[in-house]
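Trainee: Below is the structure I would like to discuss, written out as structure tokens.
The values are calculated or read from the model by the stated rules, or taken from the named source; none is laboratory data. Computed from a predicted model, the values in this text were never measured in an experiment. Cβ sites come from the backbone with ideal geometry, for glycine too, and all protein chains shown count toward neighbours. Calculation scope for accessible area: heavy atoms of the full protein, side chains included, ligands and nucleic acids excluded. Shrake-Rupley method; radii C 1.70, N 1.55, O 1.52, S 1.80 Å.
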Amino acid sequence: MKCSICVLVFVSLAFGSSFGSQPQSADIIYGYECKSNKCVKVLIDENNFKTAVSQSVCNLFCEEEPNAIGTLWPKPTGKTTIGNTMVHIDPKKIEIHGYRHEYYNIAKERFMRQIAAKFTDDADIINKDGKSFSVNVVTEEGDDVQKLTLETDESYKLTINDNEAYIKANSFYGARHGLETLAQLIVYDDIRRELQVVGKAEINDAPVYKHRGIMLDTSRNYYSVEAIKKIIDTMGSVKLNTFHWHITDTHSFPFEMKSQPELYKKGAYTSKKIYTHKAIGELVKYGRAVGVRLLPEFDQPAHIGEGWKEELLTCFKYQPWSHFCVEPPCGQVDPSQDEVYDTLEKIYSELYEAFDAPDWFHVGGDEVSVECWNTSSTLQAYMKNRGWGLTEQDFMKLWGDFQVKALERLDRITKTPEKVPVVFWTSRLTEVPYVDDYLDPKRYTIQIWTTGFDKKIEDLLERGYKLIMSNYDALYLDCGFGGWVTDGLNWCAPYIGWHKVYENNPKKIAGKYHEQVIGSEAAVWSEQIDDFTIDSRFWPRASALAERLWSDPQTSWRDAEHRMLVHRERLVENGVRAESIQPEWCRQNEGECPI
């Protein structure tokens, strides 16, 4: 324990009068003292008022681990040092000096909103007689900000000396991460009614995993552009860097297609529930400004229905649906028809344009039903004419042939010197022996949605595939609610707490092949979720994933619990309706609740 932080020296107390005499009961408030590495709540009286500090300040310093900082989420990975003083700063005298690129302007405005949110309730009474505070940003790329990709250097170094901060990084994205960390080192002292910043600190930081993401399905229920922007903004606050957008499915086709408008005009729920190229472009730009790349997914050859010509589909809306798909409505494309590939090429082209040439592309590939395809006499005749039978092996050959043709159409529109990497969900085609025949490990990265102990994971790793972990037993955040096609709970119950997300360690899952895991995603499938409930589904559980992927903590969730409570309050402070995870009493009485 750093005993020097038990007493912090401040110039004044903002009570309007001193504690020259015993305070009246109406004046009695609580402060905090660091005892045995915990912030202990104490009544302020004339004997302790000089040493009592607010909880926000105590949380910064009162940590068992040397130089750990109790407000940072995710915690830094490199060398960190922190002093034992706070500096009173004037919120109107904060200046950020950097570059002129529009992303910097967005980052600066966002930083100032975060600071203002710390004292919103006390905006009229905050003590403004503090020092000016200067933030100086220096990067190797200067104004020439590149697109965010998986290969972007996101590291940064943050130094604070009294009322000045310096952020050094190789890229804009590292610099904006430094601003996120700096915002967490500025707190509002509700005893003195002052905005304060740590007086001395140095933080060297970089992520452990390249791919740190969440996935949102916007087909089963529609989300407003504002709601998606809020999700992306919150991702930036915890340094998640990939928003995987499952934009269409059998249920609806909400993506604006300029070349084939009947797809979205017939496929969207209403004419107002559509994602235009313009709206997507604005989200892509804002995402980059907060350090988030947008990864589009067009799921195929299953999960296709509404909006499409029915003659290009098999088993669309068939009943009983449970015979042909995993949830209603059913629908898969007919791979025997050339028009299917022409349509796919147009969809790829417009997605690629709307998402401003994404560095990766997700081609879906999950839950193809042989039973669905086998309902089509047209498809049966096509297979027989090629000398194929109608066994599972033959249908896997059909699927593999579809993947080759579909990928050719994607490559035709991207026109990049190197072919765009693609992501593919685990499915029957990713199992042995089919995966060896149809999916090239140099081209396909496999996204795992089965359990973390699935034998198929090792099979894929042994074959050299790169993996993204979204194992449903820890990372499906829609699990554990009521069933919607039957009574009881939904299929992937029970509910997954933040503790399990935090403990879901890719290194333990992959073992000696862990370097092939490029990261993880928390997923929300939207059968029972929309604008009104999305905040509490993602947050703060997705924040637990953020620390797992950025920091790769070697300690358990118990060591992170109080920081998580502090972090959750910060989410709420910034307008995120994050789920409550403990009574407030537990946050004010650190360490008294866990057993």
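Trainee: For the stretch 93-125, give me the residue count where each residue is in a helix (DSSP H, G or I) and either open to solvent by 80 Å² or more (accessible area, probe 1.4 Å) or within 17 Å of ASP143 (Cβ to Cβ) (or both).
Mentor: Looking only at that region, the number is 11.
Trainee: Taking only pairs six or more apart or across chains, which ones have beta-carbon atoms under 7 Å, a first residue in the stretch 288-315 that is within 15 Å of TYR341 (Cβ to Cβ), and a second residue that is open to solvent by 10 Å² or more (accessible area, probe 1.4 Å) and not polar (S, T, N, Q)?
Mentor: PRO301/VAL368; ILE304/LEU313; LEU312/GLU339
Trainee: Can you pull out every residue in the stretch 150-169 that is open to solvent by 40 Å² or more (accessible area, probe 1.4 Å) and over 21 Å from LEU185 (Cα atoms)?
Mentor: GLU151, ASP153
Trainee: A further question on this structure: Restricting to the stretch 375-410, name every residue that is assigned to a loop (DSSP other than H, G, I, E, B) and either of a type in the set (D, E, K, R) or farther than 26 Å from GLN319 by Cβ (or both).
Mentor: ARG386, GLY387, TRP388, GLY389
Trainee: Within the stretch 266-278, restricting attention to residues that are touching a residue at least 40 places away in the same chain (Cβ under 8 Å) and open to solvent by 40 Å² or more (accessible area, probe 1.4 Å), which residue is farthest from the chain's Cα centre (by Cα)?
Mentor: LYS266
Trainee: Restricting to the stretch 567-586, name every residue that is over 16 Å from the mean Cα position of the chain (by Cα) and without any contact (Cβ under 8 Å) to a residue 40 or more places away in the chain.
Mentor: Across the stretch 567-586, the qualifying residues are GLU569, VAL572, SER580, GLN582, PRO583, GLU584, TRP585, CYS586.
Trainee: Tell me which residues, restricted to the stretch 392-422, are among the acidic types (Asp, Glu) and either touching a Lys or Arg at 6+ places or on another chain (Cβ under 8 Å) or within 28 Å of TYR382 (Cα to Cα) (or both).
Mentor: GLU392, ASP394, ASP401, GLU408, ASP411
Trainee: Take ARG577 and decide whether it is open to solvent by 50 Å² or more (accessible area, probe 1.4 Å), closer than 21 Å to ASP217 by Cβ and modelled with pLDDT of 95 or more. Write out each step before concluding.
Mentor: Details: open to solvent by 50 Å² or more (accessible area, probe 1.4 Å): yes; closer than 21 Å to ASP217 by Cβ: yes; modelled with pLDDT of 95 or more: yes.
Criteria met by ARG577.
Trainee: Filter the stretch 415-463 down to the residues that are in contact (Cβ under 8 Å) with a residue 60 or more places away in the chain and assigned to a loop (DSSP other than H, G, I, E, B), then identify the one that is surrounded by the fewest Cβ atoms within 10 Å (Cβ to Cβ).
Mentor: Taking the candidates together, the pick is PRO421.
Trainee: Please tell me if SER36 is at pLDDT 90 or above and either surrounded by 15 or more Cβ atoms within 10 Å (Cβ to Cβ) or not acidic (Asp, Glu) (or both). Show your work before the answer.
Mentor: Numbers: at pLDDT 90 or above: yes; either surrounded by 15 or more Cβ atoms within 10 Å (Cβ to Cβ) or not acidic (Asp, Glu) (or both): yes.
Answer is yes for this residue.
Trainee: Does VAL57 count as over 20 Å from GLU164 (Cα atoms), in contact with a Leu (Cβ under 8 Å, 6 or more places away or on another chain) and surrounded by 22 or more Cβ atoms within 10 Å (Cβ to Cβ)?
Mentor: Values: over 20 Å from GLU164 (Cα atoms): no; in contact with a Leu (Cβ under 8 Å, 6 or more places away or on another chain): yes; surrounded by 22 or more Cβ atoms within 10 Å (Cβ to Cβ): yes.
Considered against the rule, which asks whether it is over 20 Å from GLU164 (Cα atoms), in contact with a Leu (Cβ under 8 Å, 6 or more places away or on another chain) and surrounded by 22 or more Cβ atoms within 10 Å (Cβ to Cβ), VAL57 comes out as no.
Trainee: Return the residues of the stretch 388-416 that are modelled with pLDDT of 95 or more, among the charged types (D, E, K, R) and more than 15 Å from THR430 (Cα to Cα); say none if nothing qualifies.
Mentor: ASP394, LYS405, GLU408, ARG409, ASP411, ARG412
Trainee: Looking at (1) open to solvent by less than 30 Å² (accessible area, probe 1.4 Å); (2) β-branched (Val, Ile, Thr); (3) over 25 Å from the mean Cα position of the chain (by Cα), can you tell me which one THR71 breaks?
Mentor: (3)
Trainee: Sticking with this one: For residues that are part of a helix (DSSP H, G or I) and either open to solvent by 10 Å² or more (accessible area, probe 1.4 Å) or among the hydroxyl-bearing types (Ser, Thr, Tyr) (or both), tally how many sit in the stretch 299-347.
Mentor: Residues meeting the conditions: 12.
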